[in-house]
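The values are calculated or read from the model by the stated rules, or taken from the named source; none is laboratory data. Just so it is clear, the model here is predicted, and its values are computed rather than measured. Quick reminder, even Gly has a Cβ in these numbers, built from the backbone with ideal geometry, and neighbours come from all protein chains shown.
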Amino acid sequence: MSESFPYPLALQTALPDDYKHSAEFATQLDSLRAAGLWGLELNIRDPRVVPFAGVEKLLRDHGLEFSMFASGLTAKTLGVSLSSLDEDQRRQAVSVCSEMLAWVEREDAGVIVGFLKGVDHTDPQKARSQMRRSLDELAPVAERECTALVLEATNRYETPIANSLGEAYELVLPYPADWMRILPDTFHMNIEEQDLAASLRECADRFSLIHFSENNRFLPGYGGFAFAPVLRVLREMRYHGRVGIEGNTRHDLVTDTRDAVAYLKEVHREV
């Protein structure tokens, strides 16, 4: 974990297609490690052509750990949705997600399901029903592969599925807690939660990763979200998980990450 910050910090970013030979990416990894990161959450266009072991070794060669597989880029590239109203398309999405779960070869990592939930608002009730069917099919896969499926609560403007933490929690509750979890994200919580602290406490047993992102979707420190109360409630909960930072780039990835880590350390000192 970062010095003077109590949780391992990971950044969500995309793996370049030429990651094996990119000197620019290698330099970026060194700079991100120097900025205080523990690891990365990676979006990968098509993991079927990227070996997990090679990615993990590359990160470790630069002092970083693989934290999570972020499925959004894959979902957009392949055009798949776990809540698709078309049954054949939903099954295809389940197959793709199953491959993601198998791709991750570490029990302390997982697959983040955000955009992959689906964005079609045509028939929200049916979409939610389709999502439950997908989770029924994916739960045994996650358990077999020993890889957690991490359902992100994302706001109502992006999806009709699991907007609040409570809704995400309700969806994963029927399944084993080790392999079916949820992901709070401060950007989405700022829209959906009436009481952020209470919401986090109520689902504390189902998350071991929380995303810190500003109210304007930049990295922490470039907006107006109050992170101090969130850090305070995590401390009161005796939270022992990770923090992922995620957001749009204002300057460049390394500069914004360096600023965000420094900002979060300062906020923590004041809590």
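Miscellaneous remarks
- For region 73-87, the set of residues classified as over 13 Å from ARG133 (Cβ atoms) and surrounded by fewer than 20 Cβ atoms within 10 Å (Cβ to Cβ) consists of LEU73, LYS76, THR77, LEU78, GLY79, listed by residue number.
- Cβ-Cβ distances below 8 Å connect the following pairs, each with a first residue in region 60-72 that is within 19 Å of LEU183 (Cα to Cα) and aromatic (Phe, Trp, Tyr), a second residue that is at pLDDT below 95 and surrounded by fewer than 22 Cβ atoms within 10 Å (Cβ to Cβ), and a separation of six or more residues or different chains: PHE66/ARG106.
- Qualifying residue in region 85-104 (condition: at pLDDT below 95 and under 15 Å from ARG181 (Cα atoms)): no
- Residues in region 219-271 that are acidic (Asp, Glu) and under 13 Å from PHE5 (Cβ atoms): GLU266, GLU270.
- Taken over region 237-271, the criterion of being in a helix (DSSP H, G or I), charged (D, E, K, R) and either touching a residue at least 24 places away in the same chain (Cβ under 8 Å) or in contact with a helix residue (DSSP H, G or I) (Cβ under 6 Å, 6 or more places away or on another chain) (or both) is satisfied by ASP256, ARG258, ASP259, LYS265, ARG269, GLU270.
- Among (1) within 15 Å of ALA10 (Cα to Cα); (2) small (Gly, Ala, Ser); (3) more than 17 Å from the chain's Cα centre (by Cα) - the single one SER199 does not satisfy: (1)
- Sole residue being under 18 Å from SER81 (Cβ atoms), surrounded by fewer than 23 Cβ atoms within 10 Å (Cβ to Cβ) and not charged (D, E, K, R), chosen from ASN190, ASN155: ASN155
- When ALA142 is tested against (1) closer than 24 Å to ASP205 by Cα; (2) of a type outside the set (Phe, Trp, Tyr); (3) in contact with a Lys or Arg (Cβ under 7 Å, 6 or more places away or on another chain), only condition (3) is not met.
- Within region 72-84, if we keep just the residues that are of a type outside the set (Val, Ile, Thr) and either assigned to a loop (DSSP other than H, G, I, E, B) or closer than 19 Å to ILE245 by Cα (or both), the residue that is farthest from the chain's Cα centre (by Cα) turns out to be SER84.
- Entirely in region 1-71, the strands (runs of 3 or more DSSP E) that have 1 or more residues that are modelled with pLDDT of 95 or more and farther than 22 Å from TRP103 by Cβ: 9-14
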